[in-house]
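K.L.:
For reference, the structure I am asking about is given below.
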Amino acid sequence: MPENWMLPSIFPVGGILFDFLFVLIAIPIEAYVLHSRLKFDKKSSTFYAISINLFSSVIGWFIFFVSEPMLPVQVKSELINYIFFNSFKSPNTQTLIILTSCIIFFATFLIKFLILRILLLSLLNEPIAKKEEEPKTSHRQRWRHFSSIQLQNTNLVTTILIANSLSYTAITVILLFRSK
């Protein structure tokens, strides 16, 4: 880490407002996907969509503010130029943006999946009074339970991937309209 590490003194208000707009767009899209694919009720799917989007947005901004002081000067210059003037100086920046966008997409997908998994485990597994004698389960029943957990996990991954893809597509369309 550099010795002169500190948080930036100027916050990108325009970027934060656009992120707020993107979260407002992503929440209903992802809530609809969670409702239709995972069969949550509308209230639960909206709660989960709000939670995963706000938590992933906060984590994303935290990562941005921590990593920004460590960026090379040329990348910082391009970033500032894009945030304030919506243009790039260097033609090589397009490649960097495409690579960064792919990394952000998959990182957001992973963060949203982990947050939703944690929320589901913490909210759905409320402690129930245990019986003193647990019935013995056979090997076949344990295997069936393990298989159903794997199927649910695969369904959750697919659903989050679809929801994240749809919300990122809507955000990309808005960014394309903004640039014209």
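K.L.:
Is it the case that the range 61-81 has a residue that's out of contact with any Phe, Trp or Tyr (no Cβ under 7 Å at 6 or more places or on another chain), open to solvent by less than 60 Å² (accessible area, probe 1.4 Å) and at pLDDT below 65?
P.N.:
no
K.L.:
Please work out which one of (1) over 18 Å from residue 117 (Cα atoms); (2) without any contact (Cβ under 8 Å) to a residue 40 or more places away in the chain is the condition residue 60 fails and give its number.
P.N.:
Looking at each condition in turn, residue 60 falls short on (2).
K.L.:
Do the conditions hold for residue 112, that is, is it charged (D, E, K, R) and touching a residue at least 12 places away in the same chain (Cβ under 8 Å)? Steps first, please.
P.N.:
On the way: charged (D, E, K, R): yes; touching a residue at least 12 places away in the same chain (Cβ under 8 Å): yes.
So residue 112 fits the description; yes.
K.L.:
If the requirement is being of a type outside the set (Asp, Glu), over 13 Å from the mean Cα position of the chain (by Cα) and open to solvent by less than 50 Å² (accessible area, probe 1.4 Å), which of these qualifies: 40, 47? Quick ask: steps written out before the conclusion?
P.N.:
Working: 47 fails: open to solvent by less than 50 Å² (accessible area, probe 1.4 Å).
One residue alone meets the criteria, 40.
K.L.:
Name every residue in the range 35-72 that is in a helix (DSSP H, G or I) and among the aliphatic types (A, V, I, L, M), in order of residue number.
P.N.:
If the condition is that a residue be in a helix (DSSP H, G or I) and among the aliphatic types (A, V, I, L, M), then 38, 49, 50, 52, 54, 58, 59, 63, 66, 70 are the ones that fit.
K.L.:
Looking at residue 52, is it of a type outside the set (Ser, Thr, Tyr) and open to solvent by less than 60 Å² (accessible area, probe 1.4 Å)? Step through it out loud before you land on a result.
P.N.:
Working: of a type outside the set (Ser, Thr, Tyr): yes; open to solvent by less than 60 Å² (accessible area, probe 1.4 Å): yes.
Taking the combined requirement at face value, the residue satisfies it.
K.L.:
Could you check residue 29 against (1) surrounded by 16 or more Cβ atoms within 10 Å (Cβ to Cβ); (2) at pLDDT below 90 and say which number it fails?
P.N.:
Answer for residue 29: the failing condition is (2).
K.L.:
From the residues in the range 82-103 that are free of Cβ contacts under 8 Å to residues at least 60 places away in the same chain, open to solvent by less than 90 Å² (accessible area, probe 1.4 Å) and assigned to a helix (DSSP H, G or I), which one is farthest from residue 64 (Cα to Cα)?
P.N.:
Filtering the range 82-103 for residues that are free of Cβ contacts under 8 Å to residues at least 60 places away in the same chain, open to solvent by less than 90 Å² (accessible area, probe 1.4 Å) and assigned to a helix (DSSP H, G or I), the one farthest from residue 64 (Cα to Cα) comes out as 93.
The values are calculated or read from the model by the stated rules, or taken from the named source; none is laboratory data. Keep in mind that this is a model prediction, so the values were computed, not measured. For neighbour counting, all protein chains shown are included, and Cβ atoms are generated from backbone atoms with ideal geometry for every residue, glycine included. Quick note on the areas: whole protein, heavy atoms, side chains included, nothing else; ligands and nucleic acids left out. Shrake-Rupley method; radii C 1.70, N 1.55, O 1.52, S 1.80 Å.
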